[in-house]
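Right, one structure below, let's go through it.
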Amino acid sequence: MSDFSEELIRPTTEDEQEEPRVPSGTGMCLPWLQKHIETIATGGKQEKDFAQTTSACLSLIQEALLKHQWQRAAEYMHSYFQILEDSDSNKRQIAPEIIWRLGSEILYYHPKSNVETFNTFADRMKNIGVMNYLKISLQHALYLLHHGMLEDANRNLSQAETWRYGEKSSSQEVLINLIQAYKGLLQYYIWSKKKMELSQLELVWDFSLLLWPVLVGFDALGGWESPSMMLEFYGDQDGAREVLTNYAYDEKFPSNPNAHIYLYNFLKREKAPREKLISVLKILYQIVPSHKLMLEFHRLLRKSGNEEHHKLGLEVLFGVLDFAGCTKNITAWKYLAKYLRQTLMGSHLAWVQEEWNSRKNWWPSFHFSYFRAKNDWKEDKALACEKALVAGLLLGKDCRYFRNISKQDHQVLKKKIKQMKKSVKKYSIVNPGL
């Protein structure tokens, strides 16, 4: 990171003296961002082999993101901006969304990035990727909400709500509905804050008057957990259940994973039967397989008496670990290591092979590389042991990750590593004697 930091804050050269920069309050300066956006906006041409260069850049950016090397990723974005001028119209059309996704990810995690830098990037990308204006606006607002900037987020959502480009499409309508819903969420925050203030003053009647404007706004959008919580507050359990059920299952409302999350949490508070909870989380799994509730979903499936649920429980764990954000989730790896072993002991090799066949070409480099083994052992030895068991069961004792961890000399983990070796020897799916 140090080289990148020096590059970002280094003095300007004569060639760069007249070059506009995108500043940052923390010292992060991205001259290439302003340069390439302005070049694109004025129709400037790049004299490079677009197809070859952009393809190579994209691969390098993806590799850097996987390894959390924000320095390298930011530098490669310099060259990747030229894709906006590609002669292939299809590539030009999808380029703004790709750049937004890559750039926002880099700026979200870069140690020198801040809100000002992110705002500048988002505003410029809204103008370049006009077809993605609503999507970028919504994600920009969520970023601001994450940083506690409610006023700015509300202003962003208000601008997006009134934005139109050409005839209103179905996809635009879905996004506008989501934008309106998040505005409703901010109104709920105001309601909740007033509730606390007025409750302390024992002004219950005045406080209740705040409920209905918010309920009406939310109901027009299909209802969220917020109005259901309001109804619960007033003792209307049936009304709360109806709001959440409608929002989750009524086809006239846009599909939203939050609807199923809220419904699940409500049913859990009501101590609903396990089968009912499973049915709700099953839909959430289809929408967001990496959601944190998936580990809870796995536990429910594991406790079920239905063998199909047991099979799904294995699928859910693999699904969670398909995502980069979950690679260091020790609970997920612990569950998979234990359940994988149990599944193989229970003579369900076919279940494991079914999940592994679609992953065997990319999981080894994604999860079980030599680099990962060294890094995991250094950062979290317990995590490394769980992953090593999974690696050994799926790839055998010759897997580089398993070999690296199994040869470590650690007094506290000595017994665990010994048991891990025995399990791999006996149950690995590459073991001919299985």
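The values are calculated or read from the model by the stated rules, or taken from the named source; none is laboratory data. In this text the structure is predicted, and so the values were computed from the model without any measurement. Reconstructed Cβ throughout: ideal geometry from the backbone, glycine too, with neighbour counts over all protein chains shown. Quick note on the areas: whole protein, heavy atoms, side chains included, nothing else; ligands and nucleic acids left out. Shrake-Rupley method; radii C 1.70, N 1.55, O 1.52, S 1.80 Å.
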| message | Based on the alpha-carbon set only, what is the convex hull volume of the stretch 384-428 divided per residue, in Å³? | response | 52
| With a ≥ b ≥ c the root eigenvalues of the C-alpha gyration tensor of the stretch 358-433, is it rounded (a/c under 1.5), prolate (a/b larger than b/c) or oblate? | oblate
| field | Karplus-derived 3J(HN,Hα), 6.51/-1.76/1.60, for each residue of the stretch 93-101, Hz, glycine and proline x | value | 5, 8, 4, x, 5, 4, 4, 4, 5
| query | Charges only on Cβ, +1 for Lys and Arg, -1 for Asp and Glu: so what's the dipole of the stretch 312-434 about the Cα centre, in debye to the nearest 20? | reply | 740
| query | When all protein chains stay in place, what accessible area (Å², nearest 10, 1.4 Å probe) is found for residue 54? | reply | 10
| task | Please compute the net charge surrounding residue 95, taking Lys and Arg as +1 and Asp and Glu as -1 over other residues with Cβ under 10 Å from its Cβ. | result | -2
| query | Straight-line reach from residue 112: which lysines have Cα under 22 Å away, leaving out those fewer than 8 places along the same chain? | reply | 35, 67
| Where only protein heavy atoms count, and the probe is 1.4 Å, what is the accessible area per residue for the stretch 302-434 in Å²? | 52
| note | With no solvent term and unit scatterers on the alpha-carbon positions of the stretch 258-313, Debye gives log₁₀ I(q)/I(0) at q = 0.23, 0.31 Å⁻¹ of -0.87, -1.39
| On the accessible surface of the stretch 81-122, probed at 1.4 Å, how many percent belong to carbon and sulfur atoms? | 46
| request: Please give the contour-minus-distance gain from residue 345 to residue 173: 0.36 nm per residue of separation, less the Cα-Cα distance, rounded to one decimal in nm. | output: 56.9 nm
| query | How big is the stretch 50-177 in terms of Cα radius of gyration and Dmax, in angstroms? | reply | 15.4, 44
| field | Computed label-point distance, nm, for sites residue 400 and residue 192 using a 7 Å Cα→Cβ extension | value | 4.7
| said: If I take R0 = 45 Å and measure r between the Cβ atoms of residue 162 and residue 58 in this structure, what FRET efficiency does the formula 1/(1 + (r/R0)^6) give, to the nearest 0.05? | reply: 0.85
| task | Mind giving me the FRET efficiency for residue 151 and residue 127? R0 is 30 Å, r the Cβ-Cβ distance, nearest 0.05 is fine. | result | 0.85
| request: Report Rg(Cα)/(2.2 N^0.38 Å) for the stretch 306-434, keeping two decimals. | output: 0.98
| Gain upon complete extension [residue 114, residue 415; 0.36 nm per residue less C-alpha separation] | 103.8 nm
| For the stretch 304-378, convex hull volume per residue from C-alpha positions, Å³ | 99
| query | Which value, in Å² and to the nearest 10, is the accessible area of residue 403 when all protein chains are kept and the probe is 1.4 Å? | reply | 120
